[in-house]
Every structure is written in structure tokens, then in C-alpha cells.
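Participant: This is the structure I want to talk about, given as C-alpha cells.
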Amino acid sequence: MKHQCMIVLDFGGQYSHLIARRVRDLGVYCEVKPYTVPVAQLQTTQPLGIILTGGPNSVYADNAPRCSKEILELGIPVLGICYGAQLMAYLADGGVGAAPVGEYGRVDLNLINEQSPLFAGVTKQSTCWMSHTDSIQRLPAGFEAIAQTPNCPVAAMENKNQKLYAVQFHPEVQHTQFGQMILDNFLKTICGCTGDWRMSGYVERTIAALREKIGTQKVICALSGGVDSTVAAVMLHRAIGKQLTCVFVDHGMLRKNEGDDVERVCRDTFDMNFIRVNAQDVFLNNLRGVIDPEAKRKIIGETFIRVFEQESKKIGKVGFLVQGTIYPDVIESGAGDSAVIKSHHNVGALPDVVDFDEIIEPLRMLFKDEVRRAGIELGIDEALVWRQPFPGPGLAVRILGEITPAKIALLQEADAIFRDEIAIAKMDRAISQYFAVLTNIKSVGVMGDGRTYDATIALRAVTTSDFMTAEFVPIPYEVLAKVSSRIVNEVGGVNRVVYDITAKPPGTIEWE
Ligand code: XMP
């Protein structure tokens, strides 16, 4: 059965993915498409509604991102948000210009038309979250203003007959008091969505579809040990059991006990065909003497491919290769190409070396926390499912300078202590990513009565919604103090611990 679908048309806004998440949270399946997607292609997904996102441009600028006016004429309800609202006004021949006063942050919202279906259940006065310099200054024909703020006469507008709605504020951010309700009204009342999309149904449907597609063929899965590839492997295993072989290349730079945990789940809990290649020595050998971060990444990526190639040859011809690609990896942003800052290593380079017919990406449509929910549905341990994101090159990107077995062991211990204390402080689910880094700084310290000259561990903890930008987490001093004291006392060779308070940008999340 085909599920109901909403489309989020992305104009490069900071919150485009968040909108999609909110829609899914309200039980409606939703996909993000770049604003350039041809209208005919949009129609093939038969969306029940379209949401136009925010974006950093002015709609009247020469090279502003604009979709075709046809979008408003398909008979499909449309909700414009921020830039999307202005674009709707612009396309429908209204007027948009620089607002006399821009609004940023929490603003009072007053309903003009309380009868609008968009505002069912919303009180006449509430607060919304704004971030705009332009605004709608002349309503297009057929539209009426349905909400205002002290500095924005058209904070929301509707054309009820054509089911076109627009809000200048951001209903998707939590600071908008009735944001979730407004989105829900749009989805359920205006678009007619039933809101019955559930992760469990999705997992079951995907498994059934995979089983049918694969038939009796053999499938190979490259397990990196991370959450995504583990969930993908378990899903495939549920679909086709022993037709699946998982190849787990352990490069020896995983977090403490991680390799064993992954092996335990795959082998013991799920009884998979599971090959663990203990390739630490090969990786360490190839990395000897290398200090340049990009060179390290290249060596690890290439070594990974070679090791995997050797193993996959033993399996012979397979029908499919499974990859743990998730939705943020496949979304093409409306904002255009972005610069490559680091050459990411993941299993993306494998297709060239494996003899197979087709790639399967069972998590392709899921966001990270949906992957976690799918993992729980599939019966994977919570501890494994809730692990932090971990880069393909592992601790290699968190050890500055040359990589040695002693440094890996030292960092594994320090990192485990940090993770332990964050869990004790019950902050583990609220922080997007947190880890320890072994810097290449040595400095003088004093321990007992003696002078030390030891390494500095840096701690990093960030919150982020998309890993493109991030803020450091204000971890309470008591927690930091405990982590620092435990690391210095329990991990030999460390005499100093520092906390990284840099945002991204200008910093990146990893150090390298
Ligand atoms: P940066 O350091 O670029 O990291 O701010 C952004 C996110 O990407 C992760 N990361 C990687 N993930 N392969 C991956 O699969 C890689 O090579 C890689 N390098 C960085 C990083 O942990 C953070 O979540």
C-alpha cells in the first residue's frame, strides 16, 4: 500500500530538515526535495500537500531561488514558511520588500481571522518565532491576512479557495507556541492526511519489500560498526536471514569495546553470517609515520577497500550490496553545492570492488533518530542504538599526529570515562555528539611530589540538528571537573584536560 506523502520544497533554509522531521512526527511521511525539482516529477509522488521552506535570499533578487508558479495551481494545498511565504506572495503577484523593521526571535502573534482552518485551537494571542528582513507588503488577489505581529501586518495569509497558506514565522521551531498545532492543522484538516505513518509499519513494509526483491540471491553488507550499518544489517537479516553475509572490518580504532559489542549483537543476538576481519595491524602499518589528517583519511579509506575486497572475493558473486546510507546523506539541498571540507570516509567507495548487481539502502529515507527508532523496533540493544555518531576513520581523526597502539589505547580509556560520566549526568540523549580527543600537546604538570610531562586530552560536546553547524554544550562545571579528575587519575600519560568551547563554524566537530 502506498503511504500518504508530503513534499517539503527546500529553498536553502536552516530549518528545512526540521520541518520534515516535524511532519513525520505528526505521523505523515514526508520527503525533502530541492526547489529545482520539475513539477511533473513532484506529481509522480502524488503529494497531499507541499511546504515551501525558508531561505536566506530575497525573492525579488535577480538570482533568487524560485519554483514554478504552477506549484500553486496544481490544486494541491501549499504552505509557505518565511521565505516560502514571501515566494507565494511574489508568485501570486503580491508585493514583497524589505520590512521597515525586521523581526528576530520571539514576537507576539495576533490572529486576525480566528476562523482560519490553519489556526483551529490557536489562541487569539500567542508568541511565534520570527527571523526576517523582508515581508509581504501587498496581498496577492484572492488572499486575506489572517495574523499579524506589531511590526508585520501579514504574519500569515490564506487563499481558502485555492488552499494556499503562508506564515512569515517558523511553526517548526519550538519557540512558536502553537507551531506544532498549526502544522497539524495544515496536514490533517487542510491536506486531509490521516497521520497514520508509523516507524513500526515502515520497518515491516520495508522488510517485506526487501524479501520480495531479493528472492533467493546472496547479499553482502559492509558493517562499519556504527548505528546505521548495524540497523541496516539487522533489517536485511530479518528479511533474508542467512542469505546475508556481514563483513565487519575492524580497523582497530573503534571506541572501547565497540568491535566486540557489534560482534556480540550480530553473532549472538541475531545469529548472522558474520565475518570479523581483525585488520588492526594492516591499518597501523599503513599509517606509520603519517601525521597529515587528509593523508590519514586517504590511507584508511583505501586500506578499508582493499581488506573488504579480499573478503568479498571469498563470498563470490552476490546479488546486492547493502549500505547504511541515511536520509541526510541523500538530501540534495536547495542551497546548491557546498564546499568539501574533509574527504569523508564511509562505505560509499565500495561499489567499485565488489562483484554485485545492485545497491540496497534500506535506511535511505530515514533521519538519524528514526534509524534509532527502527533499531529499537528490530530488537537491537538500546545501548548500541543510542551510541554517538562515529566517523568512519574512527579514533584516527581524534588522535593528532602519528597514530600508535599506545595512543589508541589511551584515547579509548579517556573517551570511555567521558561517555560514562555524561551518561551518569543523564546528558547522553540531549547531546548530539561528545567525545575525547588526544591532542599533540605535551605540557608540564605535577602529580604527587613529581614533575610530569604528559599529554593533553580535549573534550568536545556539541548539539546540532544537521552536523553542518553546531554549538558547544554548556556542560556543568561539576561534571567537567569529575571527568577531568577521573581521566588524569585513571589514564596513564595524561596530566591535563581542556574543554573545547568553539562553535561550528568556525571550528569543525572533529579536531583532526
Ligand atoms: P566535522 O568534523 O566535519 O564533522 O564537523 C561533521 C560530522 O561528520 C562526522 N565525520 C565523519 N563521518 N566519515 C563519516 O562517516 C568520516 O570520514 C567523517 N568525518 C567526520 C563527524 O563525526 C561529525 O558527526
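Participant: So which residues in the stretch 51-76 are in contact with a Lys or Arg (Cβ under 8 Å, 6 or more places away or on another chain) and either open to solvent by less than 10 Å² (accessible area, probe 1.4 Å) or assigned to a strand (DSSP E or B) (or both)?
Facilitator: Within the stretch 51-76, just 59 meets the criteria.
Participant: Okay, moving on. What number of residues in the stretch 400-427 are open to solvent by 50 Å² or more (accessible area, probe 1.4 Å) and within 26 Å of the chain's Cα centre (by Cα)?
Facilitator: Number of matching residues: 4.
Participant: Have a look at 496, 486 and point out the one that is more than 16 Å from the ligand (Cβ to nearest atom), of a type in the set (D, E, K, R) and within 16 Å of residue 412 (Cβ to Cβ).
Facilitator: Unique residue meeting the criteria: 486.
Participant: Going by the conditions given, is residue 283 surrounded by 19 or more Cβ atoms within 10 Å (Cβ to Cβ) and in a helix (DSSP H, G or I)? Spell out the reasoning first.
Facilitator: Working: surrounded by 19 or more Cβ atoms within 10 Å (Cβ to Cβ): yes; in a helix (DSSP H, G or I): yes.
Yes: the conditions hold for residue 283.
Participant: When you go through 464, 469 one by one, which is the residue that is within 16 Å of the ligand (Cβ to nearest atom) and surrounded by 15 or more Cβ atoms within 10 Å (Cβ to Cβ)? Before you say what the answer is, go through the steps one by one.
Facilitator: Working: 469 fails: surrounded by 15 or more Cβ atoms within 10 Å (Cβ to Cβ).
Result: 464 is the single residue among 464, 469 that is within 16 Å of the ligand (Cβ to nearest atom) and surrounded by 15 or more Cβ atoms within 10 Å (Cβ to Cβ).
Participant: Given the condition on the phi > 0 side of the Ramachandran plot, touching a Leu at 6+ places or on another chain (Cβ under 7 Å) and away from the ligand (no atom under 16 Å from the Cβ), answer yes or no: does some residue in the stretch 445-452 qualify?
Facilitator: Of all residues in the stretch 445-452, those on the phi > 0 side of the Ramachandran plot come to 448.
If we keep only those that are touching a Leu at 6+ places or on another chain (Cβ under 7 Å) as well, we get none.
Checked the stretch 445-452: no residue is on the phi > 0 side of the Ramachandran plot, touching a Leu at 6+ places or on another chain (Cβ under 7 Å) and away from the ligand (no atom under 16 Å from the Cβ).
Participant: Okay, moving on. Of all residues in the stretch 397-425, which are within 16 Å of the ligand (Cβ to nearest atom), in contact with a strand residue (DSSP E or B) (Cβ under 8 Å, 6 or more places away or on another chain) and closer than 17 Å to residue 512 by Cβ?
Facilitator: Result: 398, 399, 400, 411, 415.
Participant: What residue, of 415, 454, 420, is closer than 15 Å to residue 495 by Cβ and either modelled with pLDDT of 95 or more or assigned to a strand (DSSP E or B) (or both)? I'd like the intermediate steps shown before the answer.
Facilitator: On the way: 415 fails: closer than 15 Å to residue 495 by Cβ; 420 fails: closer than 15 Å to residue 495 by Cβ.
After applying the criteria, what remains is 454.
Participant: Let me spell it out: the conditions are (1) at positive phi; (2) not in a loop (DSSP other than H, G, I, E, B), and residue 401 meets all of them except one. Which number is the exception?
Facilitator: (2) is the only condition that residue 401 fails.
Participant: What tally of residues in the stretch 378-396 results from selecting those that are under 26 Å from residue 281 (Cβ atoms) and either touching a strand residue (DSSP E or B) at 6+ places or on another chain (Cβ under 7 Å) or not in a helix (DSSP H, G or I) (or both)?
Facilitator: Number satisfying all stated conditions: 5.
Participant: Could you look through the stretch 171-202, keep only residues that are polar (S, T, N, Q) and buried (at least 21 other Cβ atoms within 10 Å of the Cβ), and pick out the one that is modelled with the lowest pLDDT? Spell out the reasoning first.
Facilitator: First pass over the stretch 171-202, keeping only residues polar (S, T, N, Q): 174, 176-177, 180, 185, 189, 194, 200.
Filter once more, keeping what is buried (at least 21 other Cβ atoms within 10 Å of the Cβ): 176, 185.
Numbers: 176: 94, 185: 98.
Looking at the filtered set, the residue picked out is 176.
The values are calculated or read from the model by the stated rules, or taken from the named source; none is laboratory data. These figures come from a predicted structure and were not determined experimentally. FYI the Cβ positions are ideal-geometry reconstructions off the backbone, even for glycines, and counts take in every protein chain you see. With ligands, DNA and RNA removed, areas are computed over all heavy atoms of the protein, side chains included. Shrake-Rupley method; radii C 1.70, N 1.55, O 1.52, S 1.80 Å.
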